[in-house]
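This report refers to the structure that appears directly beneath it.
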Amino acid sequence: MLDSAGALSQTGRVGIIVANLFLTLDGVYQGPGGSEEDTEGGFAFGGWQAPVSDEEAEAAIEAEVGHMDALLLGRKTYDIFAGYWPHQSGDIGGILNRVPKFVVSSSLADPAWAGTSVLPDATAAGSLRDRYGQVHMFGSGVLIRSLLAANVLDRLHLWLYPVVLGQGKRLFGAGTVPASYRLAEPARSFPKGAVSLVYERTGDVETQNMPGT
């Protein structure tokens, strides 16, 4: 994969897949952007991100968007993005509308968002690293779990916000592949309490007894 300086590693691949996910302290990623974004399961807290965000956090997210060479999404997040971003301009809208876009879906045949290609599965998504420097994901929790299971996700960028919801879709649950991770970049905190955490998988989980036990 690419290291922090953008150099090729010994894998020989061109790039990396980075999953950006906005999370609450209890691991919920559902509906951060608005009340109608994702109401599945009767979710009542859509739009939870904005009150605990701030200008520094938003600037950091915008900078992350600026690093992408391609956008990868799961079907549900793609539908949300495709219904909104084609009608937006500005820095983020300009980038999202310009870069190649990929959606993993078994049912979508004719994507409406210009520049979108459909991929059949996580393995096909992993091959994007052979073509692009940084492939970024946003949301798409189901696809993130599939990429983790296929071991084709290079970085997990968690944007952790100081709020607990007690309901909603969670990233890790039954069926999660056990793995160990390391911080790939220094943790960064923001004025309203959000924290940026970038992890890379290091291998299997190791266990040992704590001293004195």
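The values are calculated or read from the model by the stated rules, or taken from the named source; none is laboratory data. None of these values were measured; they are calculated from a predicted model. Positions of Cβ are backbone-derived with ideal geometry, glycine not excepted, and every protein chain shown enters the neighbour counts. When the accessible area is computed, the model is the full protein with side chains, heavy atoms only, and any ligands, DNA or RNA have been set aside. Shrake-Rupley method; radii C 1.70, N 1.55, O 1.52, S 1.80 Å.
Would you work out if the range 121-212 is rounded, prolate or oblate? Take a ≥ b ≥ c from the square roots of the eigenvalues of the alpha-carbon gyration tensor; rounded if a/c is under 1.5, else prolate when a/b is larger than b/c, oblate otherwise. Spell out each step's value before the answer.
Values: a/c = 1.44, a/b = 1.17, b/c = 1.24.
Since a/c stays below 1.5, the shape of the range 121-212 is classed as rounded.
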What's the center-to-center distance, using Cα atoms, between the range 158-205 and the range 20-98 in Å?
-> 16
Starting at the first residue of the range 48-60, write each ³J(HN,Hα) from the Karplus equation 6.51 cos²θ - 1.76 cosθ + 1.60 with θ = phi - 60°, in whole Hz, x for Gly and Pro.
-> 6, 6, 4, x, 10, 9, 7, 4, 5, 5, 5, 5, 5
Report the one residue of P111, Q49, Y78 whose Cα lies farthest in the direction of the positive end of the charge dipole of the range 33-124 (charges on C-beta: Lys and Arg +1, Asp and Glu -1; origin at the Cα centre).
-> P111
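What FRET efficiency, computed as 1/(1 + (r/R0)^6) with R0 = 22 Å and r the Cβ-Cβ distance, is obtained for F172 and E40, rounded to the nearest 0.05? Write out the running numbers ahead of the final one.
Details: r = 18 Å, r/R0 = 0.83.
Plugging the Cβ-Cβ distance into 1/(1 + (r/R0)^6) gives 0.75.
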Quick one: go through the range 69-84 and flag any residue whose amide nitrogen is under 17 Å from the point 7 Å out along the Cα-to-Cβ line of A149.
-> 74-76
Any idea of the accessible area per residue across the chain, 1.4 Å probe, to the nearest Å²?
-> 51
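Go ahead and estimate [θ] at 222 nm for the chain from helices alone: -39,500 (n - 2.57) per DSSP H run with n ≥ 4, summed, over the residue count, rounded to 500.
Numbers: 5 runs with 45 residues, N = 213.
Estimated from H runs of four or more residues: -6000 deg cm²/dmol.
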Qualifying lysines (Cα of each under 27 Å from Cα of K101; at least 8 residues distant if same chain) = K76, K169
Rank these residues by their accessible area, most exposed first, probe 1.4 Å: M210, M137.
-> M210, M137
Farthest toward positive dipole pole in the range 166-211 [+1 Lys/Arg, -1 Asp/Glu at C-beta], among Y199, V177, S189 = S189
Remind me, relative contact order of the chain in percent, using alpha carbon pairs under 8 angstrom and six or more residues apart?
-> 28
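Given DSSP loops and a limit of at most 15 other Cβ atoms within 10 Å, what is the longest stretch of the chain that contains no such trypsin sites (Lys or Arg not before Pro)? Numbers along the way, then the final one.
On the way: sites that count: R131, K192.
My reading of the result: 1-130 is the longest stretch.
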Mark the label point 7 Å from the Cα of V142 along Cα→Cβ and return the residues of the range 99-113 whose backbone N is within less than 15 Å of it.
-> 103-109
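Rounded to the nearest 20 debye, what is the charge dipole size of the chain about its Cα centre when +1 sits on each Lys and Arg Cβ and -1 on each Asp and Glu Cβ? Before the final figure, lay out the partial values.
On the way: 15 positive and 23 negative charges, 91 e Å.
Here the size comes out at about 440 debye.
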